[in-house]
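First up is the structure itself, then whatever we jot down about it.
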Amino acid sequence: MNEIRKTTQYILPTEKTAQPGNYDPYPVHYLGEGKIKSDYMSLARRLADSRNVMIDGYTGVRFDLFVAELAEAFAALGIKPMWWNVDAVLRPEQEIDSLIEPFLGGDDPIFGYRAPLTIDAFFDRDKLRAIVPDGRADINIIYGTGAALAKWDGPVVYIDIPKNEIQFRARAGAVKNLGASAPDAPKKMYKRFYFIDWMVLNRHKKALLDRMDVLVDGQREKEITWAEGADIRAGLDHLGRNAFRVRPWFEPGAWGGQWIRENIPALPSDVPNYAWSFELIVPENGLIFGSDNKMLEVSFDMVMFRAGRNVVGDECYATYGDEFPIRMDYLDNFDGGNLSIQCHPQRSYIQKNFGELLTQEETYYILDTCDDAVVYLGFKDDIVPEKFEAALTESFHNGTELDVDRYINSEPSEKHGLYLIPPGTLHSSGRNNLVLEISTTPYIFTFKMYDWLALDLDGRPRPLNIRRAMENLCFDRKGDKVKEELVSKPALLEKGSDWELWHLPTHRNHSYDVHRYRINSAVDVRTDGKCHVLNLVEGRGADIITENGDRLHINYAETLVISAAAGSYRIVNTGYKDIMVVKAFMK
């Protein structure tokens with residue numbers, strides 16, 4: 001395997017450097033001086049006095065590369081480790097396949113069911129217990145996903161890797177699913193990652209978090225950054241009392257546009273477009289810690305495992321636990337194509353069929369648009385469900401165009417307008433919009449009905465889900481009811497001498513709400529026990545100063561999370577014109 005990742009996206013640099021333009025794709029949270037190391041030799045010295053070491057980590061980590069580099073460092077120190085690969089005591093692949101089969105959704109190319117399994121179910125317990133350290137060795141090291149199950153007396157080293165990098169490696173055929181003997185097709189691997197591996201390994205990671213003596217960022221092939229587990233836990237605790245940005249990542253797509261590429265110069269330009277910016281889709285985002293310009297990334301879920309109650313507040317945590325409930329992302333189809341005609345499942349449907357706690361309750365906030373752009377939303381007044389389904393089916397089977405305007409309502413796209421998309425609502429963004437999508441967290445549960453006969457970047461049609469869509473669509477969201485109930489009507493809530501607070505009401509079926517501040521100089525905001533998600537939708541920049549004294553800067557179009565435990569914060573306009581900040585929070 002010569003190629004370890006298949007993408008044009010830059011890998012996270014070891015060191016923080018100045019980025020061109022204002023938008024910063026590498027937001028860093030500092031741990032203090034001397035907290036992050038960046039070589040295998042320093043890690044070998046850290047472990048040299050240990051008799052036994054467990055090196056665990058997430059699926060997608062290339063343990064073979066890591067072990068080769070660490071072995072070379074040990075050799076330079078004159079140390080000869082005894083290496084044990086925990087993969088040797090995995091259950092036979094056929095048994096693992098039978099174990100996970102009920103959660104893979106059969107022939108469905110996208111959807112399965114969130115597996116309630118734990119990692120020990122993948123291992124032969126008797127064989128695992130039989131692995132005992134060799135007392136004659138300089139040092140015994142057991143490594144691989146699940147290595148800490150050996151419960152040796154010694155330090156736990158945990159190798160984390162961002163989920164976007166896991167997907168880039170899967171596309172290159174460089175990694176495997178948990179318990180698999182070989183890579184599979186990337187989309188099949190992703191389905192298994194999402195519904196099996198990530199469920200299992202997040203439980204394992206949470207159980208290990210307080211035991212991690214060393215935490216390693218394993219996304220680079222030859223380089224690592226690492227820190228003491230205690231320093232990472234202290235950093236997570238700090239974020240839980242203050243504010244933070246996650247590391248966004250970006251993807252091209254069939255309908256993608258040019259706004260992101262033209263406005264974020266720090267990104268690679270040798271892509272056809274950018275369709276998505278994953279601003280805050282936390283099942284797949286990471287958090288970057290920094291020290292002495294060195295950067296180390298951990299998965300977002302670590303802050304929820306460590307400080308989730310502080311992040312989201314008591315009431316939200318009691319309802320959703322470690323599931324962070326709000327997401328923000330960008331959909332860019334400036335000079336691109338229309339998004340697919342789609343809907344999202346009702347809450348009861350997603351819980352019953354996929355095991356998800358939350359469903360996808362969306363809104364489209366239009367950050368930028370062109371004069372002729374539209375948002376497709378709901379149905380025409382004379383919609384007949386059976387005729388609509390028949391037209392969709394004919395289009396799918398015969399490759400014929402759907403007469404969209406015959407069935408589907410469209411609304412003019414207004415800059416800074418908010419369009420409401422509760423579960424079951426037919427919707428799409430017409431071309432020439434930059435949509436800030438505000439939603440609850442699940443994000444792969446999109447039932448596509450019509451994709452404008454477009455092909456994905458691999459040259460194949462994207463899967464449609466007409467049957468599932470028909471089981472969830474609300475056909476009463478049509479005609480004048482769309483304008484009355486699905487186009488938010490801003491109302492002034494409060495105002496000061498140089499600021500205004502506007503309410504952008506969401507639908508009664510939305511579990512979150514949206515506010516927008518217009519600020520000339522500064523405004524003070526209380527969290528009232530809730531997590532706030534902010535985005536600077538107008539203006540050059542703002543400083544966010546928490547009650548505890550942390551100061552973070554956000555630029556235009558950047559997203560920031562204020563932890564509920566922050567108590568209060570001040571938004572300070574750092575530009576020369578008024579700014580506008582959108583705030584999303586659970587009702």
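Scan the stretch 347-358 for residues that are assigned to a helix (DSSP H, G or I), touching a Lys or Arg at 6+ places or on another chain (Cβ under 9 Å) and open to solvent by 10 Å² or more (accessible area, probe 1.4 Å) and the total you get is 2.
Looking only at the stretch 441-450, decide whether some residue is surrounded by 24 or more Cβ atoms within 10 Å (Cβ to Cβ), over 23 Å from M470 (Cβ atoms) and β-branched (V, I, T). Looking through the stretch 441-450, none of the residues is surrounded by 24 or more Cβ atoms within 10 Å (Cβ to Cβ), over 23 Å from M470 (Cβ atoms) and β-branched (V, I, T). Checking each residue in the stretch 205-229 for being out of contact with any Asp or Glu (no Cβ under 8 Å at 6 or more places or on another chain), under 25 Å from K151 (Cα atoms) and either surrounded by fewer than 21 Cβ atoms within 10 Å (Cβ to Cβ) or aromatic (F, W, Y) (or both) picks out A207, L209, D210, R211.
Name the residue that is most open to solvent (accessible area, probe 1.4 Å), counting only residues in the stretch 468-484 that are under 30 Å from Q351 (Cβ atoms) and outside any loop (DSSP other than H, G, I, E, B). Looking at residues that are under 30 Å from Q351 (Cβ atoms) and outside any loop (DSSP other than H, G, I, E, B), I get E484. Within the stretch 17-32, being among the hydrophobic types (A, V, I, L, M, F, W, C), in contact (Cβ under 8 Å) with a residue 40 or more places away in the chain and in a loop (DSSP other than H, G, I, E, B) holds for one residue alone: L31. Of the residues that make up the stretch 566-579, is at least one of a type in the set (G, A, S), under 26 Å from P25 (Cα atoms) and within 24 Å of the chain's Cα centre (by Cα)? Yes, the stretch 566-579 contains at least one residue that is of a type in the set (G, A, S), under 26 Å from P25 (Cα atoms) and within 24 Å of the chain's Cα centre (by Cα). In the set (1) open to solvent by 10 Å² or more (accessible area, probe 1.4 Å); (2) more than 21 Å from the chain's Cα centre (by Cα); (3) within 27 Å of G78 (Cβ to Cβ), A147 fails one condition alone, (1). Close Cβ contacts (under 9 Å, 6 or more residues apart or on different chains) running from residues in the stretch 33-52 that are part of a strand (DSSP E or B) to residues that are of a type in the set (F, W, Y) comprise I36/W226; I36/F289; K37/W226; N52/W152. Taken together, the residues in the stretch 205-231 that are more than 19 Å from the chain's Cα centre (by Cα) and either within 25 Å of F445 (Cα to Cα) or of a type outside the set (D, E) (or both) amount to 16. Looking at the stretch 170-187, can you tell me whether even one residue there is open to solvent by 30 Å² or more (accessible area, probe 1.4 Å), among the small types (G, A, S) and closer than 20 Å to S98 by Cβ? Yes: the stretch 170-187 contains one or more residues that are open to solvent by 30 Å² or more (accessible area, probe 1.4 Å), among the small types (G, A, S) and closer than 20 Å to S98 by Cβ. Each residue in the stretch 427-450 was checked for being farther than 18 Å from F278 by Cβ and assigned to a strand (DSSP E or B), and 6 of them qualify. Just one residue in the set A121, A148, A174, A115 is closer than 20 Å to V282 by Cα, modelled with pLDDT of 95 or more and not in a strand (DSSP E or B); that residue is A115.
Conditions tested, residue by residue: (1) within 16 Å of F244 (Cα to Cα); (2) touching a Leu at 6+ places or on another chain (Cβ under 7 Å).
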| site | (1), (2) |
| --- | --- |
| G496 | no, no |
| L501 | no, yes |
| G529 | no, no |
| E547 | yes, no |
| D550 | yes, no |
| I554 | yes, yes |
| T559 | yes, yes |
| N573 | no, no |
| A584 | yes, no |
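One residue alone among E558, E547 is under 25 Å from the mean Cα position of the chain (by Cα), modelled with pLDDT of 95 or more and either closer than 14 Å to L239 by Cβ or not aromatic (F, W, Y) (or both), and that residue is E558. If you take the residues of the stretch 101-143 that are over 18 Å from W84 (Cα atoms) and acidic (D, E), which of them is surrounded by the fewest Cβ atoms within 10 Å (Cβ to Cβ)? Looking at the filtered set, the residue picked out is D107. Among the criteria (1) open to solvent by 10 Å² or more (accessible area, probe 1.4 Å); (2) touching a residue at least 12 places away in the same chain (Cβ under 8 Å); (3) under 23 Å from I131 (Cβ atoms), the one V157 does not fulfil is (1).
Kindly evaluate S413 against the criterion of being more than 30 Å from M586 (Cβ to Cβ), in contact (Cβ under 8 Å) with a residue 12 or more places away in the chain and not aliphatic (A, V, I, L, M). Criteria not met by S413. Exactly one residue out of D381, D371, D314 is of a type in the set (D, E, K, R) and at pLDDT below 95: that is D371. Taken together, the residues in the stretch 1-16 that are hydroxyl-bearing (S, T, Y) and free of Cβ contacts under 8 Å to residues at least 24 places away in the same chain amount to 0. In the stretch 175-194, the residues that are in contact (Cβ under 8 Å) with a residue 40 or more places away in the chain reach residues that are open to solvent by less than 20 Å² (accessible area, probe 1.4 Å) and aliphatic (A, V, I, L, M) with C-beta atoms within less than 6 angstrom, at least six apart or across chains, in these pairs: N177/M189; G179/I96. Just name the residue that is farthest from P183 (Cα to Cα) out of those in the stretch 43-72 that are aliphatic (A, V, I, L, M) and open to solvent by 10 Å² or more (accessible area, probe 1.4 Å). Taking the candidates together, the pick is A48. Under the condition of being touching a residue at least 40 places away in the same chain (Cβ under 8 Å) and in contact with an Asp or Glu (Cβ under 9 Å, 6 or more places away or on another chain), which residue from the stretch 86-99 is most open to solvent (accessible area, probe 1.4 Å)? This residue is R91. Residues in the stretch 9-25 that are β-branched (V, I, T) and at pLDDT 90 or above: I11, T14.
The values are calculated or read from the model by the stated rules, or taken from the named source; none is laboratory data. Worth saying up front: this structure is predicted, and the values here are computed from it rather than measured. Cβ coordinates were reconstructed from backbone atoms using ideal geometry, including for glycine residues, and neighbour counts include every protein chain displayed. All accessible areas refer to the heavy atoms of the entire protein, side chains included, with ligands and DNA or RNA removed. Shrake-Rupley method; radii C 1.70, N 1.55, O 1.52, S 1.80 Å.
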